[in-house]
Every structure is written in C-alpha cells, then in structure tokens.
Amino acid sequence: MELGLLLLRLLLGAILFMHATQKLFGWFSGPGLDKAAGLFDSLGQRPGRAMARLAALSELAGTILIVLGLAAPLGAAIVTGTMLVAGLAMTGVKGTVWSAAGGGEYPLVLAAVAAVLGFTGPGGWSLDAALSAPWSATGTSAAALTGVLALAVAVVAAIPPLLRGRLALRRTTQVNDRASAA
C-alpha cells in the first residue's frame, strides 16, 4: 500500500508539474502564458493572464506538497480546487464533459485523484508520516475526517472563480447579442 500511494503521488505530481509549466513557460508542448491567458479569458476566468498564472502556481504548490507528502491534505485541497475550476469551467463552456469535444474530463479526473489522496493520506513513505501527522495513517478516522475537510475546502474555494467566470461569460454574451442586434 505504501508503495502504491508513493507512486500515485509521484505520478500525479509529474502530471501537474508538466501541466503547470505548459501554461507558465510553454514546456512540454504547452501554450505558454500568453496563449494560456487567451484560453482562460475564453472560459470567463478573467483577467486571463493573472488567472492562468494563479492556476499554474497553485498546481505547482499543490504538487510540491503532494509529492513530498507534506501537509498532504492541503496539497490535495489546492489541486482538487484548481482542477475543479478548470474542469467545470471547460465543461460549462463546451456543454460536454468529454475532452475530445473540449470538455473538462481530464482536469476532473486529476481533481478526483487529488481528492482520493486527501482521503487516504500520503501513506507511510511521506514527510507527514515522518512527522507523525494524524492524517498520514491510512484507514483511520482522522484520515477520513481530514479527507472530508480537504474536499470541502476545495469545493468552497472553487465556487467563487466559477461564479465569476459564468458572470463574465454572461456579460460577454449580452454585449455580443446587443452588438449583433444593432
């Protein structure tokens, strides 16, 4: 079990690192910050450049915590919230969850994996375990409660940017409708 949790943390960390640096620097065939800003604008996450930078830095911070297994519930909450915003914003704009049609399937899966780590804890091969953090032991009530709290924090944190994005898109649609009616 410990090896499985470590591998899951490392895999998720690698994916999130690549995901973040695609946005920030254009690494791993990514768009870079300017093009990522355009995508964020199209999703209603405005100002796009600032929101793309915030998302990428959140992904990196969550990645570091998850990979090290240090304050793992916080890392899980950061990643879950960030990926929920991405996945739900994409799904809302495209009207479908499926990635092949531009929906948010992929970030939603990353959010789910991070949330699972919030419930399981980082496992015995982590800094949390070395520091005897109560959530590091899997299968305990402390780990389960911590998972519930991490998920709740992620969902609550995701609500404001999602609402802001929907309002921004609604305003853009209204402006476009007025312009085409004139």
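When the range 37-83 is filtered for residues that are of a type in the set (Ser, Thr, Tyr) and either buried (at least 18 other Cβ atoms within 10 Å of the Cβ) or under 15 Å from Thr21 (Cα atoms) (or both), the ones remaining, listed by number, are Ser58, Thr63, Thr80, Thr82. So for the range 69-77 (the condition being over 20 Å from Val148 (Cβ atoms) and touching a helix residue (DSSP H, G or I) at 6+ places or on another chain (Cβ under 7 Å)), does at least one residue qualify? There is at least one residue in the range 69-77 that is over 20 Å from Val148 (Cβ atoms) and touching a helix residue (DSSP H, G or I) at 6+ places or on another chain (Cβ under 7 Å). The residues of the range 162-172 that are surrounded by 14 or more Cβ atoms within 10 Å (Cβ to Cβ) and either of a type in the set (Gly, Ala, Ser) or modelled with pLDDT of 90 or more (or both), listed by number, are Leu162, Gly165, Ala168. Highlighted here are the helices (runs of 4 or more DSSP H) found entirely within the range 63-182 that include at least 3 residues which are under 30 Å from Glu2 (Cα atoms), in contact (Cβ under 8 Å) with a residue 40 or more places away in the chain and within 14 Å of the chain's Cα centre (by Cα): 72-94, 105-120, 141-181.
Taking the residues in the range 14-26 that are closer than 15 Å to Leu57 by Cβ and not aliphatic (A, V, I, L, M) as candidates, determine which candidate is most open to solvent (accessible area, probe 1.4 Å). For the range 14-26, the residue satisfying everything is Phe25.
Any residue in the range 37-58 that is in a helix (DSSP H, G or I), of a type in the set (Lys, Arg) and farther than 24 Å from Pro160 by Cβ?
For the range 37-58, residues in a helix (DSSP H, G or I), of a type in the set (Lys, Arg) and farther than 24 Å from Pro160 by Cβ: absent.
The values are calculated or read from the model by the stated rules, or taken from the named source; none is laboratory data. Since the model is a prediction, treat every value here as computed from it, not as a measurement. Heads up, the Cβs are rebuilt from the backbone with ideal geometry, glycines too, and the neighbour counts pull from every protein chain shown. What goes into the accessible areas is simple: the full protein's heavy atoms, side chains included, and nothing from ligands, DNA or RNA. Shrake-Rupley method; radii C 1.70, N 1.55, O 1.52, S 1.80 Å.
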